[in-house]
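Participant: If you scroll down you'll find the structure; I have some questions about it.
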Amino acid sequence: MKNLLRHKKLYLVLDLDHTLLNSTQINHLTAEEEYLKSQSDSLQDVSKGSLFMLEFMHMMTKLRPFVRTFLKEASEIFEMYIYTMGDRPYALEMAKLLDPEKEYFNGRVISRDDGTQKHQKGLDVVLGQESAAVILDDTENAWPNQKDNLILMERYHFFASSCRQFGFDCKSLSQLKSDESEPDGALASILKILRRIHHFFFYELDSDLARRDVRQALKTVRAEALKDCKIVFSRVFPMKFQPENHHLWIMAEQLGGTCSTETDSSVTHVVSMNAGTQKSRWAVKENEFLVHPRWIEATNFFWQKQPEENFPVSQTKNQ
C-alpha cells in the first residue's frame, strides 16, 4: 500500500459487463443483428479489434468505445483489477481481449468463483485498502458494503439481448447500427472524473498520505456537479412521501445541489414531469430551468451538470 501511494497510484476495480464491454450468446442474436457475424474482428491480433466472435464459448463480445485508451491512461494513475460476477473462464477470456499484452491487470482478475459472499462483490478479495480503492460498476446493489467507493456507470447495451435482460423495449445500438461516441461516451467522461479524484487525493487533501481516504475525494468531487443549483421538485414524489427520503432528492444533494419544497428567488431549477403544474409554470414565467427528473440521473452518471435543454418537460394537461 505504501509503495503504491509512493508511486502516486490508487486502486481501480473494474466491472466487465455493461461497464467495459457487452457480451451475448450467439444464438440470442436477432435477425437484425445477423450482419455482425460478418463484421467480427480477428482473434489473432485482438488489440486492433472491438467486436469478437468467441465460437468456442458460443458468444459474441463488443468492447465499449474508448476502452483501450481508457485502460492505457487509467493504468498510469491506478493499479487496476477486473472484478466480474461472471465465472473464471469467462473473466480470463475477457481479460485477454482487453489486455492482450498483460500490461494492465497482470493476473488481477477476480470472478464470482473468488468472492466470499454469494451474489455480492466486496473489496475483501482485492489486495488493497478500502481507503485507496475506486470501483466502476453498473450495478450498485452488487456492492452493499462499499457504496462510498463506487462510481455508478451508465450501462452499455450494445446487443438486443442486453436490452431485453433489463426489460427495455427499445432498439439496441447494434440494431440501430450505431454505437457510443468515443470522445464523449461514458468511459471518456469517467476518465476525466478519475483524474480529478486522483488529483484531489494526492494534491488537495491535507492529512498525512497514509491517513487519506479516497472516499472523501469521491464525495467532494461528486458534490461539485450541482454546487450552484437550488432545486425544487414538482409532483415527482408520491403524495404523503417525505421528499428528503426520495432517491432523487438524496442524489441531488450528493451532487452538491440544495433541495427545497417551495419556490423562491434563489431557486434555479424546477424538476417535474408535467409542464402544467404551478411550480413548472412559475419556472417558465421566472425564466428559470424546468427539467425532467432524468436530468439529475444523467448528471449523476457523468458527475457533471448536463445541458438542461436536453431534458425538456412535456406539456401534459394539469390534472
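The values are calculated or read from the model by the stated rules, or taken from the named source; none is laboratory data. No experiment lies behind these values; they were computed from the predicted model shown. Positions of Cβ are generated from backbone atoms using ideal geometry, with glycine treated the same way; all protein chains shown enter the neighbour counts. Side chains are part of the model used for accessible areas, which takes the heavy atoms of the whole protein and leaves out ligands, DNA and RNA. Shrake-Rupley method; radii C 1.70, N 1.55, O 1.52, S 1.80 Å.
Participant: Please go through the range 287-319 and give me each residue that is surrounded by fewer than 15 Cβ atoms within 10 Å (Cβ to Cβ) and part of a loop (DSSP other than H, G, I, E, B), ordered by number.
Facilitator: Listed by number, the residues that qualify are Asn287, Pro307, Pro312, Ser314, Gln315, Thr316, Lys317, Asn318, Gln319.
Participant: Considering only the range 230-244, how many residues are assigned to a helix (DSSP H, G or I) and either surrounded by 14 or more Cβ atoms within 10 Å (Cβ to Cβ) or of a type in the set (S, T, N, Q) (or both)?
Facilitator: Here the count works out to 1.
Participant: Go through the range 99-114 and count every residue that is crowded, with 17+ Cβ neighbours inside 10 Å and among the polar types (S, T, N, Q).
Facilitator: 1
Participant: Sort through Arg155, Arg195, Arg211 and tell me the only one that's of a type in the set (Lys, Arg) and not assigned by the TED database to the domain that holds Gln117.
Facilitator: Arg211
Participant: Still on this structure: So, in the range 72-81, of the ones that are touching a residue at least 40 places away in the same chain (Cβ under 8 Å) and part of a helix (DSSP H, G or I), which residue ends up most open to solvent (accessible area, probe 1.4 Å)?
Facilitator: The qualifying residue most open to solvent (accessible area, probe 1.4 Å) is Glu73.
Participant: In addition: Evaluate the following for Met273: is it touching a helix residue (DSSP H, G or I) at 6+ places or on another chain (Cβ under 7 Å) and assigned by the TED database to the domain that holds Val232?
Facilitator: Considered against the rule, which asks whether it is touching a helix residue (DSSP H, G or I) at 6+ places or on another chain (Cβ under 7 Å) and assigned by the TED database to the domain that holds Val232, Met273 comes out as no.
Participant: Against the condition in contact (Cβ under 8 Å) with a residue 60 or more places away in the chain, hydroxyl-bearing (Ser, Thr, Tyr), more than 25 Å from Ile193 (Cβ to Cβ) and in the same structural domain as Ser162 (by the TED database), how does Thr30 come out, does it pass?
Facilitator: yes
Participant: So, one more: Tell me which residues, restricted to the range 139-170, are charged (D, E, K, R), touching a residue at least 12 places away in the same chain (Cβ under 8 Å) and surrounded by fewer than 19 Cβ atoms within 10 Å (Cβ to Cβ).
Facilitator: Glu140, Asp148, Arg155
Participant: If you check Ser40 against the conditions, is it open to solvent by less than 30 Å² (accessible area, probe 1.4 Å) and of a type in the set (Gly, Ala, Ser)?
Facilitator: no
Participant: Within the range 181-191, can one find any residue that is within 14 Å of Val134 (Cα to Cα), open to solvent by less than 20 Å² (accessible area, probe 1.4 Å) and in the same structural domain as Ala74 (by the TED database)?
Facilitator: Yes, that holds for at least one residue.
Participant: Which of the residues belonging to the range 26-80 are of a type in the set (Ser, Thr, Tyr) and in contact with a helix residue (DSSP H, G or I) (Cβ under 6 Å, 6 or more places away or on another chain)?
Facilitator: Thr30
Participant: Right, here's the next one. For the range 82-97, which residues satisfy the criterion of being open to solvent by less than 40 Å² (accessible area, probe 1.4 Å) and of a type in the set (Lys, Arg)?
Facilitator: none
Participant: Here is a follow-up. Please determine, by comparing only the residues of the range 199-229 that are open to solvent by 20 Å² or more (accessible area, probe 1.4 Å), part of a helix (DSSP H, G or I) and not basic (Lys, Arg), which one is nearest to Gln306 (Cα to Cα).
Facilitator: Filtering first and then ranking leaves Thr220.
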